[in-house]
1. Residues in the range 90-105: is at least one of a type in the set (Gly, Ala, Ser), over 15 Å from Lys15 (Cβ atoms) and without any contact (Cβ under 8 Å) to a residue 60 or more places away in the chain?
2. Just a yes or no: is a residue in the range 209-231 modelled with pLDDT of 95 or more and under 25 Å from Met368 (Cβ atoms)?
3. Are there any pairs with C-beta distances below 7 angstrom linking a residue in the range 292-312 that is on the phi < 0 side of the Ramachandran plot and open to solvent by less than 50 Å² (accessible area, probe 1.4 Å) to a residue that is of a type in the set (S, T, N, Q) and in a strand (DSSP E or B), with the two at least 6 apart or on different chains, and if so which?
4. Can you find even one residue in the range 332-344 that is out of contact with any Gly (no Cβ under 7 Å at 6 or more places or on another chain), closer than 20 Å to Val175 by Cβ and either modelled with pLDDT under 95 or aromatic (Phe, Trp, Tyr) (or both)?
5. Can you report the number of residues in the range 245-258 which are in contact (Cβ under 8 Å) with a residue 24 or more places away in the chain and either of a type outside the set (Ser, Thr, Tyr) or in contact with a Phe, Trp or Tyr (Cβ under 8 Å, 6 or more places away or on another chain) (or both)?
6. Would you confirm, using the coordinates I've provided, whether Leu289 is hydrophobic (A, V, I, L, M, F, W, C), out of contact with any Lys or Arg (no Cβ under 9 Å at 6 or more places or on another chain) and either without any contact (Cβ under 8 Å) to a residue 60 or more places away in the chain or surrounded by fewer than 19 Cβ atoms within 10 Å (Cβ to Cβ) (or both)?
7. Return the pair list, or none, for Cβ contacts closer than 6 Å from residues in the range 35-55 that are in contact (Cβ under 8 Å) with a residue 60 or more places away in the chain to residues that are among the charged types (D, E, K, R) and surrounded by 23 or more Cβ atoms within 10 Å (Cβ to Cβ), at least 6 apart or on different chains.
8. With the requirement that a residue be among the polar types (S, T, N, Q) and surrounded by fewer than 16 Cβ atoms within 10 Å (Cβ to Cβ), what does the range 241-277 give you?
Amino acid sequence: MLAKVSIKDLTKVLKLCEAVADRKASMAVLSMVLININPEQGKLEFLATDLDQGFKGKVHGEVEGESMSFCVPARKFYEIIKNFPEDEALLVKEDSRLIVRDLAERITYELALGDPSEFPALPDFNEEQAIDIPGHILSLLIEKTIFASSKEDAKFVLSGIFFEPLKEEGKLRAVASDGHRLALFETEVIGLDKAELSPFILSRKSAREIADLSEDELTVKLAFINNYAVIWTSLGVFFSRTIEGSFPDYRAVIPQTFERVAKVDRRLFMDALRRVSLLVTEKFKPVTLTFNKNELILTSQETELGRSQIRLGCSYEGEPFSITFNSEYLLDPLEVMHSEEVDLKFKDERSPAGVFGYRDEGFLYIVMPMVI
């Protein structure tokens, strides 16, 4: 077998294969990528899986010889191609080795092959069950919520993003929460009212892969089939087992009314939060916000290093009050928002607060205050 392929195209596909393959698997074949050679169609098919998620990609090239299949270590193959100094490479199978070399034969790598018969069978999915969605929209749904999902495996259903199609409204909603805060983002998706899409929970790891895959795609196809979330892109098909279980009733924790509203410059507020936290050594980084008429005072908790305080101008006309938050829980939503000015809304010192922005339509963030 001899194949001449584009390094650029091969790098894109192998990057995804390497991300999906299981480096620490008890089965060695799960750390490999299965390559199927199809000379008649002039393409190479690449498959990788860790049994929870998988990717099927293809690269076209000039292919000679017979159809065949073999496995190579996903990580090493990707590193070789990623650092290959030429625009094209020759792939040659010789006995139990895959030879990777440049056209002038000045660079040569030899990779040991694995047994393709040991590679697990991957599920097939029907593209007709999918809905078309702009790639940047799917990426945004993840970017604006994933930071609020739980990083603790014990909080099983909270360790991912809940996707909920609101078919009557024609909107797709993403929700994430770690029990202390909640991020929600929804946006219109054409054709959602007639789609077969059902609610599902996507793991953090898979969500990041889908966001990366979708970001630069004009359109992707999204489906939820047999407990798998599946997307089709120009590079191939990515699929992931979804998290089983019921996502909590997030609507119950969203306040229906707020009695106090303060408007503050988003970037100045972000800078102040970062600077006031410099003397805080604790994991949760508590910062107290004190609102006076047209003034916001940020104060760090007293530590062995000392204390810090920063004053900002803001628009606030209510009664003075103070409330304490984990500073990172305020920074995270501000970093994904676009509004120059944000509204901080409160009911009282012990109730959940909300962060909103006039240029962030469809985005909602709710955070619990800290009790010190």
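The values are calculated or read from the model by the stated rules, or taken from the named source; none is laboratory data. Not measured: the values here are computed from a predicted model. Note: ideal-geometry Cβ built from the backbone for every residue, glycine included; neighbour counts use all protein chains shown. For accessibility, only protein heavy atoms count, side chains too; no ligands or nucleic acids. Shrake-Rupley method; radii C 1.70, N 1.55, O 1.52, S 1.80 Å.
1. Keep residues of the range 90-105 that are of a type in the set (Gly, Ala, Ser), which gives 96, 104.
Remaining after also requiring over 15 Å from Lys15 (Cβ atoms): 96, 104.
Filter once more, so that each one left must be without any contact (Cβ under 8 Å) to a residue 60 or more places away in the chain: 96, 104.
Scanning the range 90-105 turns up at least one residue that is of a type in the set (Gly, Ala, Ser), over 15 Å from Lys15 (Cβ atoms) and without any contact (Cβ under 8 Å) to a residue 60 or more places away in the chain.
2. Scanning the range 209-231 turns up no residue that is modelled with pLDDT of 95 or more and under 25 Å from Met368 (Cβ atoms).
3. From the range 292-312, the pairs are Ile297/Thr290; Ile297/Gln309; Leu298/Gln309; Thr299/Thr288; Thr299/Thr290; Thr299/Gln309; Ser308/Ser300.
4. No: zero hits.
5. Counting residues in the range 245-258 that are in contact (Cβ under 8 Å) with a residue 24 or more places away in the chain and either of a type outside the set (Ser, Thr, Tyr) or in contact with a Phe, Trp or Tyr (Cβ under 8 Å, 6 or more places away or on another chain) (or both) gives 8.
6. On the way: hydrophobic (A, V, I, L, M, F, W, C): yes; out of contact with any Lys or Arg (no Cβ under 9 Å at 6 or more places or on another chain): yes; either without any contact (Cβ under 8 Å) to a residue 60 or more places away in the chain or surrounded by fewer than 19 Cβ atoms within 10 Å (Cβ to Cβ) (or both): yes.
For Leu289, the condition - hydrophobic (A, V, I, L, M, F, W, C), out of contact with any Lys or Arg (no Cβ under 9 Å at 6 or more places or on another chain) and either without any contact (Cβ under 8 Å) to a residue 60 or more places away in the chain or surrounded by fewer than 19 Cβ atoms within 10 Å (Cβ to Cβ) (or both) - is met.
7. Leu47/Lys56
8. To start, the set of residues in the range 241-277 that are among the polar types (S, T, N, Q) comprises 242, 246, 256-257, 277.
Matches in the range 241-277: Ser246, Gln256, Thr257.
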